[in-house]
Amino acid sequence: MTTRILTGITTTGTPHLGNYAGAIRPAIVASRASDADSFYFLADYHALIKCDDPQRIQRSRLEIAATWLACGLDPQRVTFYRQSDIPEIPELTWLLTCVAAKGLLNRAHAYKASVDKNVEAGEDPDAGVTMGLFSYPVLMAADILMFNAHKVPVGRDQIQHVEMARDIGQRFNHLFGQGRELFTLPEAVIEESVATLPGLDGRKMSKSYDNTIPLFGTSKQLKDAVARIVTDSRLPGEPKDADGSHLFTLYQAFATPAQSAEFRAALEGGLAWGEAKQQLTALLEAELGEARERYNALIARPADLEDILLAGAAKARKTATPFLGELREAVGLRSFRNEVQVAASSKKKSAKGARFVSFRDDDGSFRFRLLDADGSQLLLSVSFADGKGAGAASKRLQAGELDLRAEGEGFALWLDDAPVAHSPAYADAATREAAMTRLSEALAPQED
């Protein structure tokens, strides 16, 4: 079974070494799995929530797209696109906004943090809060649900947003699915083994701490950054504590097990910090040198980047455009040209005098009943794991696929060599035969 995985990439700032080790590198490795259908998108609509500098937004989109491609993301293997190139995303956002409970959005961590900060400062609770910030979880839900992603790799601070996407998608399914699951309910995936690299001062590498190592700076910038890594005062020849050294932690994140073991032994044997930093610089240069050249080439050819992203958007819209059409139909935003066809179909169903009723059992499974014109039950289906399965079976029955077989005091209806629905028990064979005839007439295809 192919698993669809969707990863959103924030388009603010310039990626550093910590971003590469903690997010970019493992995500690109995961994209090469044979059973993965991977979607990667630049979340540039999201960037507008926090940044109102157009030049910074544009530059960041360019740099981050070039970074992921230079690091090995294959646009032929995955679907790589900009969020803003998919017009179906904002339209779906509105459809989901109309079913998302305000109370649910009130509980979003980012919104609550803004309110708490305002209250603490004696301000109005919603001071400075935009609808972009408040509605951020709905836009994220649209990103995920548009492509029916099974898994969404996120940091722990984003788990709540995936759970909200599930809640909103489930609500939409309930209101408009008619027994079908229009949206797949996504699962948040937390990668426990993802590296969190220390910065130059030992704290988590972060632009907010100004302790980062540039990912694609020049060789000199890389060397200068490594030279600023804080170490203890042990002199050359004195044993160093590898486990207590964030320089060793950085080395270990990019070295093979054998290289790490050799570096540890050298530190414990008295390797000078200056020499250790030179070895780390050489290791990073070997890891990033070719990727830096690809990055600089892409940055120098923005038109090529544009072509790659627009091709990715066209690929994504092959899924998004027909699916949004299905969702518009589901909520009632239908073409008037179809009204005559719908009316005619309704008349045919009325003439049959029987109707299907879908429902969900207490255990969460899906079933349907076929009721006669007088409301009596002709058939009760078996349980289906999802609404799509139940809906597909009932559609086939409505299309006239009938395989009725006697079963004890009643009968069963079979599809694909398995019973999918059972009748009630009847008092005698004649009554049972009459019910089978009535069922056949009710489901027989109608002539124009």
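The values are calculated or read from the model by the stated rules, or taken from the named source; none is laboratory data. Just so we're clear, the structure is a prediction, and the values are computed from it rather than from any experiment. Positions of Cβ are backbone-derived with ideal geometry, glycine not excepted, and every protein chain shown enters the neighbour counts. Ligands, DNA and RNA are excluded from the accessible area calculation, which covers all protein heavy atoms including side chains. Shrake-Rupley method; radii C 1.70, N 1.55, O 1.52, S 1.80 Å.
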Inset, instruction - Exactly one condition in (1) without any contact (Cβ under 8 Å) to a residue 60 or more places away in the chain; (2) in contact with a helix residue (DSSP H, G or I) (Cβ under 7 Å, 6 or more places away or on another chain) is not met by PHE41; state its number. - result: (1)
Legend entry - Selection from segment 423-437 of residues that are within 15 Å of GLU401 (Cα to Cα) and in contact (Cβ under 8 Å) with a residue 12 or more places away in the chain: MET436
Legend entry - Residue that is modelled with the lowest pLDDT, among those in segment 198-219 that are in contact with a Gly (Cβ under 7 Å, 6 or more places away or on another chain) and polar (S, T, N, Q): SER206
Legend entry - Conditions (1) without any contact (Cβ under 8 Å) to a residue 40 or more places away in the chain; (2) farther than 21 Å from GLU441 by Cα; (3) in contact with a helix residue (DSSP H, G or I) (Cβ under 8 Å, 6 or more places away or on another chain); (4) of a type outside the set (A, V, I, L, M): number failed by PHE411: (2)
Inset, instruction - Scan segment 229-279 residue by residue and report those that are open to solvent by 30 Å² or more (accessible area, probe 1.4 Å), basic (Lys, Arg) and modelled with pLDDT under 95. - result: ARG234
Inset, instruction - Quick one: in segment 58-101, of everything that is assigned to a helix (DSSP H, G or I) and touching an Asp or Glu at 6+ places or on another chain (Cβ under 7 Å), which residue is farthest from ALA21 (Cα to Cα)? - result: ILE89
Legend entry - Counted residues, segment 123-144 - those being in a loop (DSSP other than H, G, I, E, B) and on the phi < 0 side of the Ramachandran plot: 8
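What do you reckon, is LEU443 farther than 13 Å from LEU370 by Cα, touching a helix residue (DSSP H, G or I) at 6+ places or on another chain (Cβ under 7 Å) and open to solvent by less than 70 Å² (accessible area, probe 1.4 Å)?
Spelling it out, it is not the case that LEU443 is farther than 13 Å from LEU370 by Cα, touching a helix residue (DSSP H, G or I) at 6+ places or on another chain (Cβ under 7 Å) and open to solvent by less than 70 Å² (accessible area, probe 1.4 Å).
Residues checked against (1) among the aliphatic types (A, V, I, L, M); (2) open to solvent by less than 40 Å² (accessible area, probe 1.4 Å); (3) at pLDDT below 75:
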{"residue": "LYS348", "(1), (2), (3)": "no, no, yes"}
{"residue": "PHE356", "(1), (2), (3)": "no, no, no"}
{"residue": "GLY364", "(1), (2), (3)": "no, yes, no"}
{"residue": "LEU370", "(1), (2), (3)": "yes, yes, no"}
{"residue": "SER376", "(1), (2), (3)": "no, no, yes"}
{"residue": "LEU379", "(1), (2), (3)": "yes, yes, no"}
{"residue": "GLY391", "(1), (2), (3)": "no, yes, no"}
{"residue": "LEU397", "(1), (2), (3)": "yes, yes, no"}
{"residue": "GLU407", "(1), (2), (3)": "no, no, no"}
Inset, instruction - Test ALA149 against the criterion of being closer than 28 Å to ALA311 by Cβ, small (Gly, Ala, Ser) and either open to solvent by 40 Å² or more (accessible area, probe 1.4 Å) or within 18 Å of the chain's Cα centre (by Cα) (or both), and give yes or no. - result: yes
Inset, instruction - Could you please let me know if THR2 is modelled with pLDDT under 95, under 15 Å from LYS151 (Cα atoms), of a type in the set (Val, Ile, Thr) and open to solvent by 20 Å² or more (accessible area, probe 1.4 Å)? - result: yes
Inset, instruction - Being touching a Phe, Trp or Tyr at 6+ places or on another chain (Cβ under 9 Å) and of a type in the set (Lys, Arg) narrows it down to one of ARG317, ARG294, ARG328, so name that one. - result: ARG317
